[in-house]
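Data first, discussion second: the structure below is written as structure tokens.
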Amino acid sequence: MPPLATALFDYKLPPQLIAQVPAVRRDASRLLVVDRAAHTLAHRRFSDLPEYLRSGDILLRNNAAVLPARLHAKRPTGGNVECFLLRPLDHDSNWRCLLKPGRKLPPGAGFAHPSGAFTGEVIAREADGTAMVRFTTATGEPITAVANRLGAVPLPPYIERAAGRRGGHEAQSSLDRERYQTVYAERSRQVAVAAPTAGLHFTPELLAQLATLGVRTADITLHVGLGTFKPIATETIAEHTIHREVYEIPPATQRLLFPPLAGRRVAVGTTTVRTVEDFLAGQAAPLPPEHPCVAETGIFIYPPQAFRGVDALITNFHQPRSTLLCLVAAFLTPGSTEGIAWIREIYREAIAREYRFFSYGDAMLII
């Protein structure tokens, strides 16, 4: 098979269809239902999801919580600094970060919050533009605790907010703090710099309704990184180097990924699919309970890949030329490339009907 051209996963999206705010109610978002066997589309609401699930089905979901990782500070000269916490390194005080303006923050440079809540020192710069920063907090608490008080939610670049300044800090909407987080996110698992957005549509009431129907839930944790927003810049899909992310699968969830199964495994989001498929690619049976799975994935799913552990998928509408769009195209017709033409057809229909796209947008269920 010849290499797949990246242009096959491109499309034109009217800017007004990029959702800037969430739906008034989480489960009031629209739901485009794709029936693969019947090759049909249905236009519903997310609150209709229970009509498509049945007793024995398992909702596999990513319980990672988003850290308010965007911190503002000052250089000794008075210049502004934006520090984006990416991931901890060998010590809770040392973090991989993105810094702006990076050119003014070489190794040895320092910055501090105006209140004195924390200081940061640049220890090293990396070729990928990130920096290793050592933090010291005024109270001795972890920098994550400070971020939860003073940090801003790291919204994707396509969500625009009016820039307000108050004492050097960007005004942050309380709406984003609440809604750019799933209702089942484990607050002790603040390991994501972007929300697993397919899960944003669930409400406690909807989850309770599904449980009454006999639908079970099982959690994984994928540490969503900034690479999830990186577009494919190469001419062919195979040339692209995909980002790597850490994941964890507890023993109870591992057992639900292997036969015998009473129902379907319904993945909530592409992050869950990535995790499950990477795990099953290397495992023929669950790990012993005393050895929970912690691994790193660099799996890149695109047509004509088949799937081992996912039978249905709940997902949002994704950016053009994205690895996430490639994954959804593969899932539409596992084992073939026919899903490429179909995903283009589906997205044309969604645009024509003015669905809302991306993180705060509407959802799709593929069964």
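Taking the stretch 117-133 as the range and being under 18 Å from Lys104 (Cβ atoms) and of a type in the set (D, E, K, R) as the test, the residues that pass are Glu121, Arg125, Glu126. Gly168 - would you say it is in contact with a Leu (Cβ under 8 Å, 6 or more places away or on another chain), outside the structural domain of Glu248 (by TED's automatic domain parsing), modelled with pLDDT under 95 and surrounded by fewer than 16 Cβ atoms within 10 Å (Cβ to Cβ)? For Gly168, the condition - in contact with a Leu (Cβ under 8 Å, 6 or more places away or on another chain), outside the structural domain of Glu248 (by TED's automatic domain parsing), modelled with pLDDT under 95 and surrounded by fewer than 16 Cβ atoms within 10 Å (Cβ to Cβ) - is not met. Pick from the stretch 106-119 the residues that are among the aliphatic types (A, V, I, L, M) and either in a loop (DSSP other than H, G, I, E, B) or not assigned by TED's automatic domain parsing to the domain that holds Lys74 (or both): which of them is surrounded by the most Cβ atoms within 10 Å (Cβ to Cβ)? Step by step, filter the stretch 106-119, then rank; the result is Ala117.
The sole residue among Val266, Val276 that is within 25 Å of Ile58 (Cβ to Cβ) and under 16 Å from the mean Cα position of the chain (by Cα) is Val276. Looking only at residues of the stretch 215-251 that are in contact with an Asp or Glu (Cβ under 6 Å, 6 or more places away or on another chain) and in a loop (DSSP other than H, G, I, E, B), we find that the one that is nearest to Pro2 (Cα to Cα) is Arg244.
Taken together, the criteria exclude Ser336 from residues that are closer than 19 Å to Gly227 by Cβ and either part of a loop (DSSP other than H, G, I, E, B) or hydrophobic (A, V, I, L, M, F, W, C) (or both).
Taken as a whole, the condition of being closer than 15 Å to Ala64 by Cα, at pLDDT below 95, part of a loop (DSSP other than H, G, I, E, B) and within 20 Å of the chain's Cα centre (by Cα) does not apply to Arg177. Would you call Val276 part of a loop (DSSP other than H, G, I, E, B) and crowded, with 20+ Cβ neighbours inside 10 Å? When the stated conditions are applied, Val276 does not pass them.
Of note, Ser55 satisfies the criterion of being of a type in the set (Gly, Ala, Ser) and closer than 26 Å to Glu205 by Cβ. State yes or no: is Ala38 assigned to a loop (DSSP other than H, G, I, E, B), assigned by TED's automatic domain parsing to the domain that holds Pro231 and without any contact (Cβ under 8 Å) to a residue 12 or more places away in the chain? For Ala38, the condition - assigned to a loop (DSSP other than H, G, I, E, B), assigned by TED's automatic domain parsing to the domain that holds Pro231 and without any contact (Cβ under 8 Å) to a residue 12 or more places away in the chain - is met. Checking the structure you have, find out if any residue of the stretch 351-365 is within 21 Å of the chain's Cα centre (by Cα), in a loop (DSSP other than H, G, I, E, B), assigned by TED's automatic domain parsing to the domain that holds Thr271 and more than 28 Å from Glu178 (Cβ to Cβ). No, that holds for no residue. Against the condition part of a loop (DSSP other than H, G, I, E, B), surrounded by 20 or more Cβ atoms within 10 Å (Cβ to Cβ) and either in the same structural domain as Tyr347 (by TED's automatic domain parsing) or among the β-branched types (Val, Ile, Thr) (or both), how does His291 come out, does it pass? No: the conditions fail for His291.
Per-residue answers, yes or no, for (1) at pLDDT 95 or above; (2) surrounded by 16 or more Cβ atoms within 10 Å (Cβ to Cβ); (3) hydrophobic (A, V, I, L, M, F, W, C):
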residue: Thr272; (1), (2), (3): yes, yes, no
residue: Ala285; (1), (2), (3): no, no, yes
residue: Phe307; (1), (2), (3): yes, yes, yes
residue: Gly361; (1), (2), (3): yes, yes, no
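The residue that is surrounded by the fewest Cβ atoms within 10 Å (Cβ to Cβ), among those in the stretch 68-105 that are of a type in the set (Gly, Ala, Ser) and in contact (Cβ under 8 Å) with a residue 24 or more places away in the chain, is Gly79. Give me a count of the residues in the stretch 226-240 that are under 18 Å from the mean Cα position of the chain (by Cα) and either of a type in the set (Ser, Thr, Tyr) or more than 20 Å from Phe358 (Cβ to Cβ) (or both). Qualifying residue count for the region: 1.
Starting from residues that are in contact with a Pro (Cβ under 8 Å, 6 or more places away or on another chain) and not in a strand (DSSP E or B), keep the ones in the stretch 68-92 and report whichever is nearest to Glu248 (Cα to Cα). In this case the residue turns out to be Asp92. Taking the listed residues Arg103, Arg96, the one that is in a strand (DSSP E or B) and over 19 Å from Ala138 (Cβ atoms) is Arg96, with no other qualifying.
The values are calculated or read from the model by the stated rules, or taken from the named source; none is laboratory data. Treat the numbers as computed from the prediction; the structure is a model and nothing was measured. Cβ atoms come from the backbone with ideal geometry, glycine included; neighbour counts cover every protein chain shown.
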